[in-house]
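Data first, discussion second: the structure below is written as structure tokens.
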Amino acid sequence: MIGLRLRQVFFSYSDGMVLRNVDLSVHPGEMIGLLGPNGCGKTTLLKLASGILKPVQGDIWLDESDLGHMNRRSVARSVAVMPQQFYIPFAFTVDEVVTLGRTPFIRTLSGETLADRDVVSSSLEMVGVSDLKERRFDELSGGERQKVVLAMTLAQQPRLLLLDEPTLHLDITHQVEILERVRSLNREQGLTVIAAMHDLNLASLYFDRLVLLKDGHIVADGTPAEVITEDILREVYAAPVQVGRHPETGGPHVIIIPEGSSAASHDRLPS
């Protein structure tokens, strides 16, 4: 398990500041959902946490190590990133794609070992795609590809897993499969997880802690019940919503109210 600490982090691209004075502590074994509108800084925060980007101000620590002073191979042996989109220009098989996750551990001249093969096989099995290992990656469905990319990240044997919109463009079945798998890894292996999410209801169901961003600031950080409230969501998203209770879990459940609907004038849904 591994912890993450961002202290007074600022980051800007050429067209302006994206993150402003972000303080965030992630304890080992936590599973955190990052929420917020498009452009609020979720993906940028993940890239900073992975060391792909460096803050213009502030520092980031992985346990006792300053991320800014770690080389890429060392970071890749602790942190894995499941990107929002994964493209590969070659006709790789599923097995070959997942084997890419072993790159930080494979020596340039000696190639992969039996231990590497064991990890790849285990990763395929954990995600439930062993039966696809001989298939070409570019011939898979979107849901199958997402599961293979998750297996690739697990082949890195990370202690911190960063996911950027892991359920993007997936149907309900594959959304649930991905998030159930990640939650199982978190609970059974203590894997620390941070995921950028758009779907507020999925985030409420699967993440114990939510961090809500707006304009590069953290505006709320806590349990789903503390973060997913009507007042906070209306402030951040500027959209008419009502928050009720999920019929099974009792957690917050967001309902969008169409403009002009008679329900839009009601303050609350019954709990």
What net charge is computed for the residues neighbouring Gly128, neighbours being all others with C-beta under 13 Å from the C-beta of Gly128, Lys and Arg scored +1, Asp and Glu -1? -2
Among the listed pairs Lys42/Lys147; Lys42/Lys133; Lys47/Lys214, which have their C-alpha atoms separated by more than 24 angstrom in this model? Lys42/Lys133
Give the average over all directions of the projected area of the C-alpha convex hull of region 114-216, one decimal, in nm². 7.5
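What is the fewest-to-most order of Lys147, Lys54 by other Cβ atoms lying within 10 Å of their Cβ? All intermediate terms of the calculation are to be shown ahead of the outcome.
Working: Lys147 24, Lys54 14.
With the sparsest Cβ surroundings first, the list reads Lys54, Lys147.
For n ≥ 4 DSSP H runs only, could you compute -39500 (n - 2.57) per run for the chain, divide by its residues and tell me the 222 nm figure to the nearest 500?
So the helix-based figure for the chain works out to -9000 deg cm²/dmol.
Relative contact order for the chain: what percent, with Cα pairs under 8 Å and sequence separation of 6 or more?
Values: 512 pairs, mean separation 62.3, N = 271.
So the answer I get is 23 percent.
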To the nearest 0.05, what FRET efficiency results for Val219 and Trp61 with a Förster distance of 35 Å applied to their C-beta separation? 0.90
Convex hull volume per residue for the chain, taking Cα atoms only, in Å³: 152
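What is the sum of charges around Ala196, taking Lys and Arg as +1, Asp and Glu as -1, for the other residues whose C-beta is under 9 Å from the C-beta of Ala196?
Working: positive: Lys42; negative: Asp164, Glu165.
Net charge in that neighbourhood comes out at -1.
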I want to verify the translational diffusion coefficient of region 89-154 in µm²/s; compute it with Stokes-Einstein, Rh as the Kirkwood radius over Cα pairs, at 20 °C and 1.002 mPa s. 181
Report the local net charge at Arg102: Lys and Arg +1, Asp and Glu -1, summed over other residues whose C-beta lies under 10 Å from its C-beta. -1
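Could you work out the Rg to Rh ratio of region 152-271, with Rh taken as the Kirkwood radius (inverse of the mean 1/r over all Cα pairs)?
Working: Rg = 15.8 Å, Rh = 15.8 Å.
Using only Cα positions, Rg/Rh for region 152-271 is 1.00.
Of all the Cα-Cα pairs you can form in region 1-44, what percent are over 16 Å apart?
Details: 441 of 946 pairs.
I get 47 percent for the Cα pairs in region 1-44 exceeding 16 Å.
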How long, wide and thick is region 75-120, going by the Cα atoms along their three principal axes, in whole angstroms, largest first? 29, 26, 19
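If we count chymotrypsin sites (Phe, Trp or Tyr not before Pro) as exposed when they sit in a DSSP loop and have at most 10 other beta carbons within 10 Å, what is the longest stretch of the chain that avoids them all? Intermediate values should be presented prior to the final figure.
On the way: sites that count: Tyr87, Phe90.
Free of exposed loop sites, the longest segment is 91-271.
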Hey, got a sec? Which GluC sites (Glu not before Pro) in region 88-184 land in a DSSP loop and have at most 11 other Cβ atoms within 10 Å? Glu134
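Once you keep just the Cα pairs under 8 angstrom separated by 6 or more residues, what percentage relative contact order results for region 89-154? Mind showing how you got there, number by number?
Numbers: 64 pairs, mean separation 33.7, N = 66.
Across region 89-154, relative contact order equals 51 percent.
Values quoted throughout were computed directly from the atomic coordinates according to the rules given, and no laboratory measurement underlies them. Owing to the predicted nature of the structure, the values given are computational and were not obtained by experimental measurement. Heads up, the Cβs are rebuilt from the backbone with ideal geometry, glycines too, and the neighbour counts pull from every protein chain shown.
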